[in-house]
């Protein structure tokens, strides 16, 4: 049983709050002034002008980018062969608005004592970071913890903690909330198949729910089971995973 969270509200990004997320002492951290309303509209308009692809598993949804999870049981050469095309697609979007990845890294460098960079794979180069998700039907209950499929094969398999950050550029008027459960998943068993999390394991589990606010970023620990609830319209978010390689060294990938 996990110890209870010390706070159940969105706390402003700082060195202390980011460490608290890593240590699972709080459920989530927020950057509430990350993008203006105008910037968010520009970004969502640019995103919707692109041809999004459908997710290969889980509940129906669409994405732009190159999600590593789609390659969890495939050779890494296949993933890295698509990174350049995904980055070109991302460039088309940010050229019409701004670059959320660069801005997020600037916030981490300015507001915390952590270092941050795009993850790199020896012999292959950088990972893709900056996935866009367009969903209205919610998500499966799931955890995201890369070592379960990447340990011993990819550099991101060496992380000790996994977080995610999301910038919300369009939010439905009803629904679309994210629910996080305080039950950290840390498996040492390599399993390359996708499975939703078993909700029966969450009986009496502490939870935290937040609604996406346009222009804000939320960071949370993805080894905690989490779910996005169905909505009455599109919920558009962009962001990436954050891995802790050592005490103060963070890497990004999607």
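Read-outs throughout are calculated quantities, based only on the coordinates presented, and are distinct from any laboratory measurement. Please read these numbers as outputs of a predicted model, since none were measured by experiment. Because the Cβ atoms are built from the backbone with ideal geometry, glycine has one as well, and the counts that use them run over all protein chains shown.
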Discussion item. Quick check: Cα centre of the stretch 3-34 to Cα centre of the stretch 78-108, how many Å?
Written reply: 26
Discussion item. Sorting check: for 238-244, 143-149, which peptide has the highest mean count of neighbouring beta carbons within 10 Å, and how do the rest follow?
Written reply: 238-244, 143-149
Practice prompt. Counting other beta carbons within 10 Å of each Cβ, put 5, 253 in order, fewest first.
Written response: 5, 253
Practice prompt. Compare the peptides 195-202, 14-21 by average per-residue count of other Cβ atoms within 10 angstrom and give them in order, highest first.
Written response: 14-21, 195-202
Worksheet item: Taking the highest mean first, how do the peptides 51-64, 92-105 order by number of other beta carbon atoms within 10 angstrom per residue?
Response: 92-105, 51-64
Response to the item:
Dividing the helical contributions, -39500 (n - 2.57) per DSSP H run of n ≥ 4, by the residues of the chain yields a 222 nm value, nearest 500 deg cm²/dmol, of -6000 deg cm²/dmol
Worksheet item: Whole number please: convex hull volume per residue of the Cα set in the chain, in Å³?
Response: 121
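Grab the beta carbon distance between residue 98 and residue 51, set R0 = 22 Å, and tell me the FRET efficiency rounded to 0.05.
Working from the Cβ atoms, E equals 0.55.
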